[in-house]
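In what follows, a single structure is set out as structure tokens and then discussed.
The values are calculated or read from the model by the stated rules, or taken from the named source; none is laboratory data. The structure displayed is predicted, hence computed values, not measured ones. As a convention, Cβ positions derive from the backbone with ideal geometry for all residues, glycine included, and neighbour counts pool all protein chains shown. Just so you know, the surface numbers come from the protein's heavy atoms only, side chains and all, with ligands and any DNA or RNA stripped out. Shrake-Rupley method; radii C 1.70, N 1.55, O 1.52, S 1.80 Å.
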Amino acid sequence: MASGTATVDLGFGPSARTFAALARAGFRRYSTYRQAAFAAAFTNTTFGFLRCYVLLAVTGGGVAAGYDRAMMTSFVWLGQGMLGVVGLWGWTDLADRIRTGDVLADLLRPVAPVTNYLATDLGRAGFAMLARFVLPTVVGAVAFGLYAPRHLYTYPLFALSLLLAVVTCFACRYLINSAAYWLLDLRGVNILWILGSGLCCGLYFPLTFLPDWAFATIWLATPCPALFQAPLDVAVERGNPLLWIGGQLAWTAIMLLLAHVVQRRAERKLVIQGG
Amino acid sequence: MSVYLRLAAAQVRAHAQYRASFVIDLISNAVVTMLDVFSVLILFRVTRALGGFGVRDVLVMTALSATAFPLADLLVGEIEKLRGYVRTGLLDTVLVRPLSALFQLLAIDFSIRRVTRVVQGTIFIVIALTLADVHWTPARVVLAVVAPITGGLFFCSLFIAGASVAFWWIDSGEIANSLTYGGRDFTMYPVTVYAEWFRRLFAYGIGFAFVAYYPALALLGRPDPLGAPAWLGWASPLVAPIAMTLAGLAWRTGIRHYRSSGS
């Protein structure tokens with residue numbers, strides 16, 4: 001890595017079977033926390049009401065920053081459902097393992113750590129689709145009515161966009177957790193991420209509320225809109241979906257590559273904690 | 001009290017050991033309130049009024065909320081970790097010590113960094129009230145000082161009551177957040193933006209309207225568009241002691257209910 005040439009070893013090994021097995025294991029692991037998932041979905045739903053009423057007070061009867069009433073409710077409620085699927089916050093598995101020294105076991109495995117954790121995370125996201133996405137979406141549809149897409153292709157595009165959001169968000173979280181190799185204590189970095197991502201991904205308000213130049217800057221300079229704003233804009237058919245998905249693809253590639261590079265760097269300087 | 005201060009000071013020293021992280025933490029906390037204000041301002045970029053109130057009026061509510069919540073978070077926010085202590089049985093170690101359990105839990109993970117949020121909120125109240133052109137009377141000065149404090153105590157009771165749920169339901173997860181962080185979001189805006197049933201539940205049922213909305217109306221000298229009498233704003237600090245009593249009751253019942261983890 002010192003030479004700067006990044007060779008990305010996806011570590012599929014003999015086949016994609018390993019990857020699928022790891023993903024299934026991730027699904028099963030998270031599906032044991034059913035009550036916690038329900039509690040989280042309930043919380044997301046409460047916040048859905050809070051955000052929806054405020055943002056509908058902004059749109060009034062008309063269109064605000066490109067969103068009419070139905071688009072806005074979809075933006076809020078699909079967003080609340082997506083929070084748990086994308087997994088914006090609260091993942092500190094890797095950082096905890098670095099702090100305790102358990103990460104050593106990950107390095108000894110025949111699968112590259114980034115690939116290993118990505119597979120598990122896709123399994124987690126799969127379970128979250130059932131446990132976290134459905135409740136807020138249904139409540140939003142019943143209480144407010146959601147936006148009905150005009151084109152049939154919006155559904156598969158939204159699925160693809162959501163998948164890209166999960167992978168990009170995983171890479172972001174992996175990078176943040178990797179900071180523990182250098183800092184050990186991640187409180188500070190985590191808070192910075194929670195604040196920055198919440199604002200820049202479009203959770204508090206659609207990013208189009210910002211001036212055009214700010215919207216463009218955030219899209220080009222941070223991966224955040226690719227995690228949240230992009231799939232939601234695809235779902236409510238605002239703008240050109242291929243543009244949003246193209247942007248997501250670019251960010252997915254960049255963040256995964258960064259995660260690999262940082263992982264290599266970390267392995268070179270790693271001092272195993274504990275004893 | 002001196003024991004509490006000592007435990008708290010030990011925590012501050014422990015966090016400061018990870019220097020880089022501690023510094024980033026302090027900085028992040030310094031921007032968090034600004035983000036709340038920023039969000040409100042952004043909404044007003046798109047609309048002229050929110051629930052019938054202009055930007056200056058809403059900012060007074062946001063400021064009260066943005067001081068009350070961090071105050072509670074500073075004092076009792078760490079109670080959120082109770083779930084973990086109940087799950088692992090770590091609560092035993094707290095219970096065998098000759099100090100109040102609630103007291104110790106709060107000091108176990110005291111975070112000095114949260115002080116900066118309270119300071120920011122206070123500055124923000126001064127700015128918001130200046131911009132709002134309040135017609136000052138001695139009573140309003142008293143209310144401006146008392147309201148954020150009693151609002152903070154109100155949030156304290158929600159934190160404690162919410163955490164007490166863990167005594168019965170260990171996997172309650174983030175459900176208490178609906179009340180605490182949800183309450184923070186709710187109180188940032190005038191209650192007029194919410195639908196009737198939601199307002200009844202949150203504003204009057206739980207009492208969130210008395211944290212920022214009614215005190216703000218009294219400070220601004222505005223009548224309630226929902227038709228509540230004017231004295232309600234002045235009476236709103238009284239909600240805090242009622243909430244504290246109920247939360248204390250929930251806590252005491254809960255801790256009697258506690259049976260260790262058995263491991």
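Which helices (runs of 4 or more DSSP H) does region A:185-275 wholly contain that include 1 or more residues that are under 15 Å from A:Val166 (Cα atoms)?
Per the criteria, A:187-201, A:224-227, A:229-235, A:241-269.
Of the residues A:Ala6, A:Ala37, only one is at the interface with another protein chain (Cβ under 10 Å from one of its Cβ atoms), out of contact with any His (no Cβ under 6 Å at 6 or more places or on another chain) and modelled with pLDDT under 90; which?
A:Ala37
Please work out which residue is most open to solvent (accessible area, probe 1.4 Å), limiting yourself to region B:142-194 and to residues that are at pLDDT below 90 and among the acidic types (Asp, Glu).
Filtering region B:142-194 for residues that are at pLDDT below 90 and among the acidic types (Asp, Glu), the one most open to solvent (accessible area, probe 1.4 Å) comes out as B:Glu174.
Which of the numbered conditions does B:Pro223 fail, given that it passes all the others? Conditions: (1) under 30 Å from B:Leu102 (Cα atoms); (2) without any contact (Cβ under 8 Å) to a residue 40 or more places away in the chain; (3) open to solvent by 90 Å² or more (accessible area, probe 1.4 Å).
(1)
In region B:196-215, what residues are within 10 Å of another protein chain (Cβ to nearest Cβ) and open to solvent by less than 30 Å² (accessible area, probe 1.4 Å)?
B:Phe198, B:Arg199, B:Phe202
Which of the residues belonging to region B:116-162 are in a helix (DSSP H, G or I) and charged (D, E, K, R)?
If the condition is that a residue be in a helix (DSSP H, G or I) and charged (D, E, K, R), then B:Arg117, B:Arg140 are the ones that fit.
Any idea which of B:Pro98, B:Pro70 is at negative phi, away from chain A (no Cβ under 12 Å) and not in a helix (DSSP H, G or I)?
B:Pro98
If you take the residues in region B:22-38 that are open to solvent by less than 30 Å² (accessible area, probe 1.4 Å) and more than 10 Å from every other protein chain (Cβ to nearest Cβ), which one is nearest to the chain's Cα centre (by Cα)?
So the residue we want is B:Thr33.
Among A:Leu256, A:Leu175, A:Leu184, A:Leu210, which is the only one that is over 20 Å from the mean Cα position of the chain (by Cα), open to solvent by 10 Å² or more (accessible area, probe 1.4 Å) and more than 30 Å from A:Gly66 (Cβ to Cβ)?
Sole residue among the options that is over 20 Å from the mean Cα position of the chain (by Cα), open to solvent by 10 Å² or more (accessible area, probe 1.4 Å) and more than 30 Å from A:Gly66 (Cβ to Cβ): A:Leu184.
Here is a list: B:Leu75, B:Leu105, B:Leu41. Which entry is open to solvent by 30 Å² or more (accessible area, probe 1.4 Å), away from chain A (no Cβ under 14 Å) and either over 30 Å from B:Pro223 (Cβ atoms) or at pLDDT 75 or above (or both)?
Just a single option satisfies the conditions, and that option is B:Leu75.
I'm told A:Thr43 meets every condition in (1) at pLDDT 90 or above; (2) away from chain B (no Cβ under 14 Å) except one. Can you identify the failing condition by its number?
All conditions pass for A:Thr43, except number (2).
I'm checking my understanding of the structure. Among residues of region A:12-44 that are assigned to a loop (DSSP other than H, G, I, E, B) and not β-branched (Val, Ile, Thr), which one is nearest to A:Ala125 (Cα to Cα)?
If we take residues in region A:12-44 being assigned to a loop (DSSP other than H, G, I, E, B) and not β-branched (Val, Ile, Thr), then A:Tyr33 is nearest to A:Ala125 (Cα to Cα).
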